[in-house]
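Only one structure is covered here, and it is reproduced in the block below.
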Amino acid sequence: MSRRLRVLAAVGALALVPLVPAAAQAAEAPAAPLETAAGHFRVAPVGVWNGTVTFPDGQIEARMSFRASGKLCLIAPPPGPDGGVEGKGTWRGTGRNTFTFTVTERFFDGSGATTAVLRATHRATLRGDRFTTEGEGAFYDASGQQQGSFPVTSQMQRESRADAC
């Protein structure tokens, strides 16, 4: 993978919320429950989250928002005049304190043209106002050709219970 693609992958891993072991120190507080149609309580990560996404070549700061509808969006980094990244995806509860999410991030230049895409899947564990993830990411060039894949982890802390998408 070229240096430029590695840098783009690093920025893209942001939305991966991909994480670190500090969440293991978080209190074992119950997650805010969301009652499903089956009557089982599942995790509800609704709100804005900040944290660190770690991947083989480094780590980045991330900010994302989860909606009650099962949608999520990348909030930071915001795009600039030379381009940037935008990301969106979906999440679903998988257990009392666990959920999964997938995210697709589109990298674009100053004219708005897509320069690369990052796709990631995460398995998350929520404890109080913190969650950690383990997952996999794949990076694609502008023509859709996979350039590489990598493991990713993240550690996130809730900023707000209101979504910001």
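The values are calculated or read from the model by the stated rules, or taken from the named source; none is laboratory data. These numbers come from a predicted model, not from an experiment. Heads up, the Cβs are rebuilt from the backbone with ideal geometry, glycines too, and the neighbour counts pull from every protein chain shown. Just so you know, the surface numbers come from the protein's heavy atoms only, side chains and all, with ligands and any DNA or RNA stripped out. Shrake-Rupley method; radii C 1.70, N 1.55, O 1.52, S 1.80 Å.
From the residues in region 95-118 that are open to solvent by 20 Å² or more (accessible area, probe 1.4 Å) and closer than 25 Å to GLU159 by Cα, which one is modelled with the lowest pLDDT?
Here the residue is ARG96.
Among the residues of region 155-165, those that are open to solvent by 50 Å² or more (accessible area, probe 1.4 Å) and not in a loop (DSSP other than H, G, I, E, B) comprise GLN157, GLU159. Among residues of region 103-119 that are of a type in the set (Ser, Thr, Tyr), those with a beta-carbon under 6 Å from a residue that is open to solvent by 60 Å² or more (accessible area, probe 1.4 Å) at least six positions away or on a different chain give the pairs THR104/ARG119; THR114/ARG106; THR114/ALA142; THR115/ALA142. Can you find even one residue in region 84-94 that is open to solvent by 40 Å² or more (accessible area, probe 1.4 Å) and in contact with an Asp or Glu (Cβ under 8 Å, 6 or more places away or on another chain)? Yes.
Sub-6 Å Cβ pairs linking a first residue in region 73-92 that is within 19 Å of GLU159 (Cβ to Cβ) to a second residue that is of a type in the set (Asp, Glu) and in a strand (DSSP E or B), at least 6 apart or interchain, are GLY87/GLU105, ordered by first then second residue.
Do we find a residue being over 13 Å from the mean Cα position of the chain (by Cα) and of a type in the set (Val, Ile, Thr) anywhere in region 51-59? Scanning region 51-59, I find no residue that is over 13 Å from the mean Cα position of the chain (by Cα) and of a type in the set (Val, Ile, Thr), so the answer is no.
Is it true that ARG67 is among the basic types (Lys, Arg), at pLDDT 90 or above and out of contact with any Asp or Glu (no Cβ under 9 Å at 6 or more places or on another chain)? Judged against the criteria, ARG67 is not a match. The set of residues in region 119-142 that are of a type in the set (Ser, Thr, Tyr) and either closer than 12 Å to THR102 by Cα or surrounded by fewer than 18 Cβ atoms within 10 Å (Cβ to Cβ) (or both) comprises THR121, THR133.
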